[in-house]
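What follows draws every value from the coordinates through simple rules; no lab data is involved. Keep in mind that what you see is a predicted model, and the values were worked out from it rather than measured. Don't worry about glycine lacking a Cβ; one is built from the backbone with ideal geometry, like all the others, and counts go over all protein chains shown.
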């Protein structure tokens, strides 16, 4: 027999109570781990959708463009595209032009932001273009093909294949118009996208402002988002010769999405905290009951020559055993739940028929978790720590009694 | 050779504002190898005296000296250490730890003393044989009779080879036959190992077995009789 053996035996002294406490702790660990992994998976999905349709994992702009969105702040970016693509871990670089313009049909006109893209590159990444058939895609960078939002199409009262005119301010301040044909229609389900999106080849867009080869944004897609920081540093080094151009993270380029995720994560953490707090109170109650029931026995143990500190250590060891056991069971259950949420997920389509939008990004109605073993371990250890913390008061209380006081208990 | 000295010891318990004297001006000396009974009716101060001798409590006045340890000046830690190394306890209601087996209970003080597992096993096994409870090592206290439990308690008290064993009404919960057997066993241990035994009891059967009877009445020493064979 040793102290661990004694702790184990004491733990099962009241089998039912221990099982209930163990289940409560393990269940809370499972809940927090699975919920966290689900949130992480959903956030990763959102970020992925966001960066594909938006700024990329890293975005490159002319200085001050991000704050002002001044269409005059463009730069010659096409050489940079090939340079950046040589960096290990960069999957794709998407050049884009954003031009405030007026779209006019023979019947209606609407203010829009025209997006000039590299059709071939963009189609591999952009979720709005990915769903389009080959016949609906912009054929080349300088073609007159346009992909247009379904709602804008209705508002302009035109149909697929029909023409419309786009007018924007030329670089010298005069107005310049281009005739475009509706090649494809995007129906994302998001009002602002379907009501304002017009995409054309970047060379056709550049004609509107009279600056061929210019871009407002280079959206850098990474093959492994986990390497964002190191690749960001390499791009910044590469841009050293272009002091007027800056590379920013997606969080800075898309603050709405970043803040929405931060806010949601903060509220999740608060819920986790409440769950863990409730469990801690339960553990304190169990351990305190277990200690109060054994006051006489503790008196005997002290009489036999145990120091109060040794007695406290015995109680803490019991709590540690309980915590470790619960952490193991909880993590197994958490892994099982995560496995289900990763492979099957939760389909919200039946519950929420309309398009799900969060932070300005459409996300998949099937919520899927992602594996975060480091975080799962952290939560498990955190709960073990909380169990030890919960045992502190009962242990101190037990260590304070004298042998005679203890042995008077019945 | 004197082992334990009580000099003008008084112990007063407080119950709210009320002071209850449990021992008054008690002076006693116990020698090595004695087999002593503290006798007297309930409330006479037997348990209080045993608690003081066992370093479980401190006197309100007077001096308790055990070996070279003065109770008044010793810290709680020193007292715990002293109990662990030098004193064995046998309680009226056995007070075995219910989740442990008989052998594990007997080993308990040795575990506190950090004695290696193998030595503990050997020592307990030998004691169980001497006490006639070999074969019961794996049983839990709930599966043992009162007499068997008290033998395990004696094994626990003896395992650490203390100088003194204090027994508070050790036969009170036992039938007369078992009580006789246990008393004979303790006398044998006292004879063979030279361990000092101090009992508290108001049972005449126990008192008749003692070589020295200290009678307490209302916390005072009423008589201190040494019986010569």
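Computed quantities for the displayed model
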read-out	value
Packing-based ranking, highest mean first, of A:228-238, A:291-301, B:170-180 given that Cβ atoms within 10 Å are counted	A:291-301, B:170-180, A:228-238
Cα-only radius of gyration and Dmax that characterise segment A:292-336, units Å	15.1, 48
Segment B:2-226: projected area of the alpha-carbon convex hull, averaged over directions, in nm²	12.4
Computed over segment A:1-116, Cα set: Rg, Dmax in Å	28.5, 93
Among A:48, A:364, A:172, residue whose mean-square fluctuation peaks in a GNM of chain A (springs only between Cα atoms under 10 Å)	A:172
0 to 90° range, to nearest 10: angle between helix B:102-112 axis and chain B longest Cα axis	60
Between 0 and 90°, nearest 10: helix B:176-193 axis offset from chain B longest Cα axis	90
Reduced Cα scattering model of segment A:267-325, Debye log10 I(q)/I(0), q = 0.14, 0.27, 0.28 Å⁻¹	-0.51, -1.11, -1.14
Max mean-square fluctuation residue, GNM over chain A, Cα-Cα springs under 10 Å, options A:167, A:280, A:82	A:82
Pair residue A:381, residue B:75: separation of 7 Å Cα→Cβ label points (nm)	3.4
Sequence of A:376, A:367 once ranked by neighbouring C-beta atoms within 10 Å, starting from the fewest	A:367, A:376
Bins of 5 Å, starting at 0 and running to the largest distance - Cα pair percent for segment A:58-249	1, 8, 17, 19, 19, 16, 11, 6, 3, 1, 0
Antiparallel bridges, percent of DSSP beta bridges restricted to segment B:2-226 (to nearest 5)	55
Helix axis angle, A:373-400 relative to chain A longest principal axis, alpha carbon, degrees	30
Residue-averaged 222 nm ellipticity for chain A, from DSSP H runs of 4+ at -39500 (n - 2.57), nearest 500	-17500 deg cm²/dmol
Share of Cα-Cα pairs in chain A lying beyond 28 Å, as whole percent	60
Between segment A:215-276 and segment A:295-317, the Cα center-to-center distance that results, in Å	54
Spatial separation of Cα centroids for segment A:325-354 and segment A:147-182, in angstrom	46
P(r) tail fraction, segment A:68-138 - alpha-carbon pairs more than 21 Å apart, %	45
